[in-house]
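Following: one structure in structure tokens, then a few remarks.
The values are calculated or read from the model by the stated rules, or taken from the named source; none is laboratory data. Given the structure is predicted, the values throughout are model-derived calculations rather than measurements. Counting neighbours? That spans all protein chains shown, and the Cβs are built from the backbone with ideal geometry, glycine included.
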Amino acid sequence: MRSQRLLRLRRKFWRTQLYVLLIVLSAIYLVPFFWAFTTSLKDRGAIFEYPPRLFPREFRFQNYLEAFSMYPWLTFFRNSVIITTLSVLGTLLSSPFIAFGFAVLRFPGRRALFFLVLLTMMIPYYTTLIPRYMLFKQLGWIDTFYPLFVPDFFGNAFFIFLLRQYFMGIPRSLFEAAKIDGASTLRIYWNIYFPLARPAVITVGILQFMTVWSDFIGPLIFLQSPEHYTLVLGLNAFRGVYFTYWHYLCAMALVISIPPIIFFFIGQKRIIGGITISGLK
Amino acid sequence: MNKLRRREALEGYLFILPGLLGLLIFMVGPIIATVAFSFAEYDLIQPPRFIGAKNFLRLFSDPLFAQSLKVTFTYVILSVPLSTAVALALALLLFQRVKGLAVFRTIFYIPSVLPSIVSAVLWIWLYNPQFGLINYVLKLLGIQGPRWLYDPHWVLPAFAIMGAWNVGPTMIIFLAGLENIPRVYWEAATVDGANAWHRFRYVTLPLLSPTTFFVVVTSTIGAIQTFVQPYVMGGGGVGGLGAPMNATLFSVIYLYQQGFRFFNMGYASAISWVVTTIIILLTLLNFALSRYWVHYSVE
């Protein structure tokens, strides 16, 4: 009887310790955000104050407006939106389409070809970077948006893998029944399978959005003139010019992160599901 | 019937055609092209000129290339164990059936949602030797903080610490791995008198080893390809490529410099091949070593 109570007490003690640890760790993980946010509200003098103040004397929200007016952010924003939209559109048109072919339709060499697609996931991005550049240069696409979204219209190996898994979970009898009713394969794909795969398609769209919105190396290599910069490149250039204006840098860094953070909250469950699949494949 | 099957096969090929075209244009073609260009001299202006194995010979006597390999491997050795351990620790904490799991998971994940340029900007500021938060906190603890991004000895550890802040996806993979272990194993161990450490060492770690293996392989490949941190943050972000003193001259930075700053496309192709070969060899090494520590349960 007594040992039971002792055991419960000990358990309770460890539980409390666990929560204390989790809260401390959470604080550590959130500190960079907090620090960036308070910095973004300080005046220029307060940034270089020692010891640093955790909360600014006055909250200068106008820093955001000032930072915004110092640089052509609206152009960068427009470019980011155009590139991201086209890239997500290309991904959603191509990857489910290809995945349907691999998952539902039967043809000789299907396994071998699918294996080939999976193999390309292993190839480092940088291996093909230089010839890609030369290819796009031949096409006259350097300093245009084309290199940043056209390849997405040809499918993405990981997404094809993800969507194929999903399509394979749908019984083939559905396909055969629709065939007997006289529907064409394209119609079956577009009217039955694509809508059925909606959860997986949305996951893919969100993951692609986050990747393209945040991409650094692609725009860095393929875009040249500042009027074609994305927000990510814009922030990098802004940092190069105003490298001690930490209130403005932190303000714009936080603003650029808002869309991916919103999409993360919308699709949290799905993103985590997608990652889980990638780890268990 | 046969006619129907033939038709389905034809349609099958049509459906996967975009994927195969993409593979050919953006993968297979470029790979063959890098092989060809690695034996050539090409500056994008003059037509490419075949020079045999000269690029590779030059690579092996190029002190900067040697430096880039040293930097890359030092970083892999620092960052892969650290990030793996941190991700596993976070996953284990979240696995204890905690209340508010979703909230904590979101908090630990959210740094990984930021664009890499944003993390880089925030951490340059955090690592600022005079006015940064990190050295201020160290000072409160009575420690004189190093000059982090400006110090050739501290810049790679600084990147590795920042990497441990960015372990969201790895943590999720570990959490999924833990959830796949049948709870009976821990219960049986407890009945047999195993304490928490024994349960972790002799039940959790062996049963989790396939997941750990996957994480180690993918994060090694990722670490070799590090680009944004050294490009943006080296020397506090104002010292140029490789700053301070080539301590952040990662292989991919060197490839970028040769290819896109100096336009030595042939030489850059050769670098990309050597680095790719190293990635493949390292992955094979990981697979070879896995025999000694990865246990696949017999099912």
Discussion item. Kindly evaluate A:Leu139 against the criterion of being among the hydrophobic types (A, V, I, L, M, F, W, C), touching a residue at least 40 places away in the same chain (Cβ under 8 Å), more than 8 Å from chain B (Cβ to nearest Cβ) and over 24 Å from B:Pro115 (Cβ atoms).
Written reply: no
Discussion item. Checking the condition touching a Leu at 6+ places or on another chain (Cβ under 9 Å) and either within 11 Å of chain B (Cβ to nearest Cβ) or without any contact (Cβ under 8 Å) to a residue 60 or more places away in the chain (or both), which residue from A:Leu9, A:Leu74, A:Leu25 passes?
Written reply: A:Leu25
Discussion item. I need the full set of residues from segment B:93-104 which are more than 7 Å from chain A (Cβ to nearest Cβ) and in a helix (DSSP H, G or I), in order please.
Written reply: B:Leu94, B:Leu101, B:Ala102, B:Val103
Worksheet entry | Members of segment B:38-92 that are polar (S, T, N, Q), part of a loop (DSSP other than H, G, I, E, B) and surrounded by 13 or more Cβ atoms within 10 Å (Cβ to Cβ) | B:Ser38
Worksheet item: So which of B:Trp148, B:Trp154 ends up being crowded, with 20+ Cβ neighbours inside 10 Å and free of Cβ contacts under 8 Å to residues at least 40 places away in the same chain?
Response: B:Trp148
Response to the item:
Restricting segment B:135-190 to residues that are more than 28 Å from the chain's Cα centre (by Cα), of a type outside the set (A, V, I, L, M) and more than 13 Å from chain A (Cβ to nearest Cβ), the one nearest to B:Lys70 (Cα to Cα) turns out to be B:Gln144
Item to complete: For A:Leu223, indicate whether it is surrounded by 14 or more Cβ atoms within 10 Å (Cβ to Cβ) and under 20 Å from B:Gly12 (Cβ atoms).
Response: no
Discussion item. Considering only segment B:268-285, I want to know if a residue exists there that is closer than 21 Å to A:Ile217 by Cβ, in contact with a strand residue (DSSP E or B) (Cβ under 9 Å, 6 or more places away or on another chain), buried (at least 20 other Cβ atoms within 10 Å of the Cβ) and at pLDDT 90 or above.
Written reply: yes
Item to complete: Mind listing whichever residues of segment B:105-131 are outside any helix (DSSP H, G or I) and without any contact (Cβ under 8 Å) to a residue 12 or more places away in the chain?
Response: B:Leu114, B:Pro115, B:Gln130, B:Phe131
Practice prompt. Examine segment A:103-113 for a residue that is crowded, with 20+ Cβ neighbours inside 10 Å, touching a His at 6+ places or on another chain (Cβ under 8 Å) and in the same structural domain as A:Ser257 (by TED's automatic domain parsing), and state whether such a residue exists.
Written response: no
Item to complete: Check segment A:28-43 and report whether any residue there is of a type in the set (Val, Ile, Thr), within 14 Å of chain B (Cβ to nearest Cβ), surrounded by 14 or more Cβ atoms within 10 Å (Cβ to Cβ) and without any contact (Cβ under 8 Å) to a residue 40 or more places away in the chain.
Response: yes
